[in-house]
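Comments concern the structure below.
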Amino acid sequence: MSRKDFLVFGSPKIEQPEIDEVVDCLKSGWIGTGPKVHQLEQDFKQYKGSKYAVALNSCTAALHLSILAAGIGPGDEVIVPTMTFAATANAVIHAGATPIFADCQKDTMNIDPDDIQRKITNKTKAIIPVHFAGAAADMDAIMAIAKKHNLKVIEDCAHAIETEYRGRKAGTFGDFGCFSFYVTKNIVTGEGGMVITDNEEYANQIKILGLHGMSRDAWERFSDKGFKHYQVVYAGFKYNMMDMQAAIGIHQLSRIEKYWLRRKQVWEKYNQAFKDLPVYLPSPVEPDSRHSYHLYTLLIDTDKVKISRDEFLNKMTEQNIGIGVHYIALHSHPFYQKTYLYKEGDFPNAEWISNRTVSIPLSAKLSEDDVDDVIEAVQNAFHS
């Protein structure tokens with residue numbers, strides 16, 4: 001292996017227009033929540049085709065405030081996949097409700113609608129499907145369950161900015177769609193998130209909750225439109241996005257298709273390179289749907305090869321290739337086992353994936369040499 005420098009996993013592609021926009025932001029003196037945040041909200045809701053968009057400082061904040069806006073709290077249950085990042089469940093906990101885990105489908109890694117149905121009780125108030133790695137969850141089945149049981153649907157679209165399901169954009173099926181602009185995501189603001197909704201009341205409440213509970217036009221109080229007093233109407237949170245972050249996101253969003261096409265090229269090159277290795281490749285894209293190509297996950301076929309997943313991780317790192325694990329199922333972590341009495345064996349599909357899954361670099365920033373280095377490293381890890 002000839003690679004000398006370490007290839008950072010999920011390194012974002014930052015171009016000159018973002019840099020210029022941030023400098024403009026700094027020179028303007030308006031660094032906090034202001035006109036650039038407003039522009040990103042307008043651009044994003046236009047891209048998604050939603051009526052409202054509210055920018056926040058993370059997807060975690062987006063999930064938390066969506067749960068609160070839906071009126072969910074202590075005594076309520078929310079069904080979430082165990083195969084997800086901790087934020088999905090933690091947002092439920094921070095709202096005072098109880099996360100109820102559901103298993104995933106073994107092929108797509110998305111939440112299993114049949115297990116959702118099994119987990120519904122008279123305390124269930126919502127479902128949070130995650131569009132895992134950028135593959136759309138089975139929204140027809142999930143929305144049918146929600147309608148039957150009068151449940152809210154909060155889509156966790158942290159992986160799924162470009163994702164579509166049967167011609168419709170992810171985040172527009174449920175009551176809320178929650179997005180991440182974290183540094184490893186398909187478009188970035190460093191830290192950042194967005195909620196979309198078609199419900200004006202929800203949008204207004206999230207806007208207020210995200211800025212200390214201050215009345216909706218509070219950010220205008222330092223503008224040139226004349227001084228405005230604010231009123232605190234909720235005990236809110238410090239969840240607002242800054243203009244410095246939005247300055248990056250505005251230009252990232254303008255290149256979203258260009259970046260998507262690049263990741264698609266890398267994805268297809270990986271599929272071709274790895275098809276004869278002892279791995280399970282990502283599931284094919286569903287008909288009439290669109291994958292966001294956010295995470296490229298390989299599953300080590302431990303029945304055919306002696307190398308363990310963790311040994312594979314070490315071999316990749318030794319070759320200067322950054323790598324991830326998405327994810328070790330939540331019910332396997334100490335906090336959820338201790339607090340909710342989950343144990344190994346409760347979710348067999350998620351556990352099977354947890355023991356085998358690895359994510360390799362997939363970013364619009366990758367050069368052809370970078371991609372070749374990743375391919376060579378994967379092949380070396382098995383052949384050695």
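With R₀ fixed at 56 Å, the C-beta to C-beta distance from Q46 to W352 puts the FRET efficiency at about 0.85.
Largest GNM mean-square fluctuation across I307, I142, I127, computed for the chain with C-alpha springs under 10 Å, falls on I307. Taken about its Cα centre, the chain carries a charge dipole of roughly 680 debye when the Cβ of each Lys and Arg holds +1 and the Cβ of each Asp and Glu holds -1. Scalar couplings 3J(HN,Hα) for segment 367-384, obtained by applying the Karplus form with A = 6.51, B = -1.76, C = 1.60 to θ = phi - 60°, are 7, 4, 5, 4, 4, 4, 5, 5, 4, 4, 5, 4, 4, 4, 4, 7, 6, 7 Hz; x denotes Gly and Pro.
Size descriptors for the chain (Cα atoms only): Rg and Dmax, in that order, 21.2, 70 Å. Kirkwood analysis of the Cα pair distances in segment 42-134 returns a hydrodynamic radius of 14.1 Å.
From the largest down, segment 194-331 spans 68, 35, 33 angstrom on the principal axes of its Cα atoms. Within the listed set A364, A146, A136, the Gaussian network model of the chain (springs between alpha-carbon atoms below 10 Å) gives the highest mean-square fluctuation for A146.
Would you mind telling me which residue in A273, A137, A69 has the biggest mean-square fluctuation in a Gaussian network model of the chain, where springs connect alpha carbons within a distance under 10 angstrom? Maximum among the listed residues: A273.
Computed from phi, the 3J(HN,Hα) profile of segment 77-92 under the Karplus parametrisation 6.51, -1.76, 1.60 (θ = phi - 60°) reads 10, 10, 7, 10, x, 6, 8, 6, 7, 4, 4, 4, 7, 5, 4, 5 Hz, with x in place of Gly and Pro.
Projected onto its three principal axes, the C-alpha set of segment 256-383 covers 46, 37, 24 Å, listed from the longest axis down. Between F6 and R309, the distance separating the two model label sites (each 7 Å from Cα on the Cα→Cβ line) works out to 2.2 nm. Neighbour counts of other Cβ atoms within 10 Å put H131, H212 in the fewest-to-most order H212, H131.
Size of segment 123-174 from its Cα atoms: along the principal axes, largest to smallest, the extents are 32, 19, 13 Å. For the peptides 27-34, 241-248, 339-346, the ranking by mean Cβ contacts within 10 Å, running from highest to lowest, is 241-248, 27-34, 339-346. Taking the Cα centroid of segment 87-165 and of segment 242-296, what is the distance between the two, rounded to the nearest whole Å? Result: 22 Å between the Cα centres. Cut-off under 27 Å on the C-alpha distance; same-chain residues fewer than 8 positions from K365 excluded. Which lysines are left, in chain and number order? Qualifying lysines at Cα under 27 Å: K4, K13, K36, K45, K48, K169, K185, K258, K264, K269, K275, K315. A crude spin-label estimate for the pair S283 and K228, with each label 7 Å from Cα along the Cβ direction, gives 4.5 nm. As a calculated quantity, the FRET efficiency between L341 and R118 at R0 = 22 Å, using C-beta atoms, amounts to about 0.80. Using the Cβ-Cβ distance between N204 and V325 with R0 set to 56 Å, the FRET efficiency from 1/(1 + (r/R0)^6) comes to roughly 0.90. When DSSP beta bridges are restricted to pairs lying wholly in the chain, around 60% turn out antiparallel.
Read the figures in this text as sums done on the coordinates, not as results from a lab. Model, not experiment: these values are computed from the prediction. Every residue, glycine as well, gets a Cβ built from its backbone with ideal geometry; the counts of neighbours run over all protein chains shown.
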